[in-house]
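**Q** Take this structure first; my questions come after.
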Amino acid sequence: MKVKICGIKTVEAASHAVENGADAIGFVFAESKRQIAVLQAQQIIAHVPAHVWKVGVFVNEDAATIQQIAETAGLTHIQLHGDEDPDDYRSVGLPLIKAVSVKSPEDLEKIDDIKADFILLDSPPVEYRGGNGLSFEWDLANALKKSNTNVILAGGLDSVNVSKAIAKVSPLMVDVSSGVETNGEKDLVKIKGFINSAKKLGEEMQNEFNYL
């Protein structure tokens, strides 16, 4: 089970996440309480190993700006968290993650028409597009278990509920932000706990599959 820690703003938090097994680090360039400057992200990414995804999160930003930020900061993946059409961002030249707000089965029916490398399932937006600490009804995503293997699950996850979420959705990756924070700041203990919980269940599910 792959894990993405999003909303990173310090070298300490990024390094701690990687040391404990994080597969991806997310940097929010859209308006948010976790928004980061390009050069600040660049400094953090310089400390992140090559094999770890460096994901830039954008909301309705134009492709040229995203490409410039990606090249300056050193991003490896682009997450489109607004109303974008991924086809308009292929010129950036990096794998695209398209976020989908899940409120009903109809939202999931649209996924097959989205031409993105990965689909990120998230709860509906409140103040910001993502990172609101709210989950959606995971049972809605049951139909995706066999039809789409490139699903990233986000929305209200924490070390307590992530095992249940993984069991219901079977995603490729789980994505957390507010669930590993205390008073709005990344909590190193919570980061470790979340990664451990997700990885443990992932290993158990894989062992069960191998046994069958």
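**Q** Test each condition in (1) at pLDDT below 90; (2) touching a His at 6+ places or on another chain (Cβ under 9 Å) for Ile191 and report the one that comes out false.
**A** Condition (1) is where Ile191 drops out.
**Q** Please enumerate the residues belonging to region 181-197 that are crowded, with 21+ Cβ neighbours inside 10 Å and either part of a helix (DSSP H, G or I) or among the polar types (S, T, N, Q) (or both).
**A** Ile191, Phe194, Ile195, Ser197
**Q** Say whether the condition of being at pLDDT 80 or above and not hydroxyl-bearing (Ser, Thr, Tyr) is met by at least one residue in region 122-129.
**A** yes
**Q** Further, regarding this structure: Of all the residues that make up region 46-68, how many are under 17 Å from the mean Cα position of the chain (by Cα) and crowded, with 21+ Cβ neighbours inside 10 Å?
**A** Matching residues across region 46-68 total 6.
**Q** How many of the residues making up region 82-105 are under 28 Å from His51 (Cβ atoms) and either in a helix (DSSP H, G or I) or touching a Ser or Thr at 6+ places or on another chain (Cβ under 9 Å) (or both)?
**A** Adding up the residues that qualify gives 7.
**Q** Restricting attention to region 41-78, report how many residues are more than 22 Å from Asp175 (Cα to Cα) and touching a Ser or Thr at 6+ places or on another chain (Cβ under 9 Å).
**A** The number of residues fulfilling the criteria is 3.
**Q** If I filter region 90-102 for residues that are crowded, with 17+ Cβ neighbours inside 10 Å and more than 30 Å from Glu137 (Cβ to Cβ), do I get at least one hit?
**A** Within region 90-102 (the criterion being crowded, with 17+ Cβ neighbours inside 10 Å and more than 30 Å from Glu137 (Cβ to Cβ)), the answer is yes, since at least one residue qualifies.
**Q** Another question, if that's okay. Quick test for you: out of Ile36, Ile119, Ile45, Ile114, pick the one residue that is out of contact with any His (no Cβ under 9 Å at 6 or more places or on another chain), hydrophobic (A, V, I, L, M, F, W, C) and over 28 Å from Lys190 (Cα atoms).
**A** Answer to the check: Ile114.
**Q** Is it the case that region 133-146 has a residue that's modelled with pLDDT under 95, surrounded by 15 or more Cβ atoms within 10 Å (Cβ to Cβ) and closer than 23 Å to Glu185 by Cβ?
**A** Looking for residues that are modelled with pLDDT under 95, surrounded by 15 or more Cβ atoms within 10 Å (Cβ to Cβ) and closer than 23 Å to Glu185 by Cβ, one finds at least one in region 133-146, hence yes.
The values are calculated or read from the model by the stated rules, or taken from the named source; none is laboratory data. Note that the structure is predicted; figures quoted are calculated from it, not measured. Backbone-built Cβ (ideal geometry, glycine too); neighbour counts: all protein chains shown.
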